[in-house]
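The values are calculated or read from the model by the stated rules, or taken from the named source; none is laboratory data. What you see is a predicted model, and the numbers here were worked out from it, not measured in a lab. Here the Cβ is made from the backbone with ideal geometry for all residues, glycine too, and neighbour counts use every protein chain on show.
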Amino acid sequence: MKIAIIGCGNMGMAFAKAFLKFDLVKKEDFLLVEKSDDRLEKLASFQPGVITGTIGPKLAEYDLVILSVKPQDFHSVAPSLQEVMRSDQVVLSIMAGITIQTIQKALQHAAVIRAMPNTPAMLGMGITAYAASPEVNLNHMRKIENLINATGRSVFLEDEAQLNAVTALSGSGPAYFFYMVKAMIDAGKAMGFEESVAALLVKQTMLGSYHLIQTADRSLDELITAVTSKGGTTEAALNQFVAGGLAETLKKGIESAQKRSEELSNG
């Protein structure tokens with residue numbers, strides 16, 4: 001499969017590097033389009049494939065076109081894409097908030113997949129949810145799923161509207177996690193630790209706890225109970241979290257992200 005990526009920011013490059021790492025595309029079958037001069041210079045040193053700063057007729061040679069531009073830039077590049085695309089090409093969008101219908105209308109193109117990855121894709125540990133228009137055939141779906149899985153794991157959604165919830169939960173999710181880790185490190189600093197020591201304590205605790213979630217044959221409630229002694233330190237902290245409405249605040253924050261994603265999708 002010959003692949004073109006339009007927009008080579010962090011996520012576009014995460015996909016490009018994953019495809020090359022797992023030999024899913026040959027360099028000579030890879031086209032990268034990037035308007036930023038600085039990024040073009042970096043791409044030239046990386047040499048991931050054919051590199052260009054403009055959308056041109058050569059794009060028609062590629063089977064899959066990945067849209068990785070900023071959502072606000074899509075409508076400025078759409079006319080150039082529409083001029084050169086073939087009807088049998090497949091479009092994979094990883095732009096937040098731009099619906100399949102909007103892409104189809106702007107490009108006058110039927111076969112569109114819309115995906116929502118997250119930043120751990122840059123390490124091959126992301127989670128990407130995706131939905132597809134009926135015009136994408138099963139053969140193309142399987143090939144594209146294999147490509148997405150090179151960046152981590154994937155889940156197919158029958159209902160595209162659920163991608164707004166995905167955006168709020170896993171798309172934005174890393175930022176919530178980083179926020180909590182930072183708060184815990186700040187608490188450690190307030191208790192007298194140097195930042196490096198507080199960071200080591202918190203990061204390793206998070207890493208070990210994640211592996212317990214993945215491997216222990218227990219529910220999250222059971223894992224919490226296993227750490228919590230009656231009248232002990234963990235209980236004191238958890239009681240304060242409950243009193244402060246931490247869980248409800250997190251839930252409301254995620255719901256706010258979902259609402260904003262819906263607003264962006266509706267234009």
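Tabulated data
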| quantity | calculated |
| --- | --- |
| Qualifying positions in the stretch 60-76 - closer than 27 Å to SER265 by Cα and in a helix (DSSP H, G or I) | PRO71, GLN72, ASP73, PHE74, HIS75, SER76 |
| Residue count for the stretch 6-16, restricted to those that are assigned to a helix (DSSP H, G or I) and under 23 Å from MET85 (Cβ atoms) | 5 |
| Boolean, LEU43 is in a loop (DSSP other than H, G, I, E, B), more than 16 Å from LEU81 (Cα to Cα) and assigned by TED's automatic domain parsing to the domain that holds ILE144 | no |
| Every residue from the stretch 32-59 that is under 23 Å from PRO79 (Cα atoms), crowded, with 21+ Cβ neighbours inside 10 Å and either modelled with pLDDT under 90 or under 22 Å from the mean Cα position of the chain (by Cα) (or both) | LEU32, VAL33, GLU34 |
| Unique match (being assigned by TED's automatic domain parsing to the domain that holds ASN118, surrounded by 13 or more Cβ atoms within 10 Å (Cβ to Cβ) and either closer than 17 Å to ARG114 by Cβ or of a type in the set (Lys, Arg) (or both)) among ASP63, ASP73 | ASP73 |
| Residue in the stretch 193-210 that is aromatic (Phe, Trp, Tyr) and assigned by TED's automatic domain parsing to the domain that holds THR128 present | no |
| Checking GLY192 against (1) part of a helix (DSSP H, G or I); (2) on the phi > 0 side of the Ramachandran plot, the condition it does not meet | (1) |
| Single residue of the stretch 212-267 satisfying the filter (within 28 Å of VAL166 (Cβ to Cβ) and of a type in the set (Asp, Glu)) that is surrounded by the fewest Cβ atoms within 10 Å (Cβ to Cβ) | ASP217 |
| Among residues of the stretch 185-199, those that are surrounded by 14 or more Cβ atoms within 10 Å (Cβ to Cβ) and either closer than 22 Å to LEU223 by Cα or acidic (Asp, Glu) (or both), counted | 0 |
| Failed item in (1) exposed (fewer than 15 other Cβ atoms within 10 Å of the Cβ); (2) at pLDDT 95 or above; (3) touching an Asp or Glu at 6+ places or on another chain (Cβ under 9 Å), with ALA161 passing the rest | (2) |
| Positions within the stretch 17-40 being free of Cβ contacts under 8 Å to residues at least 60 places away in the same chain, outside any helix (DSSP H, G or I) and not β-branched (Val, Ile, Thr), in sequence order | ASP23, LYS26, PHE30, LEU31, LEU32, GLU34, LYS35, SER36 |
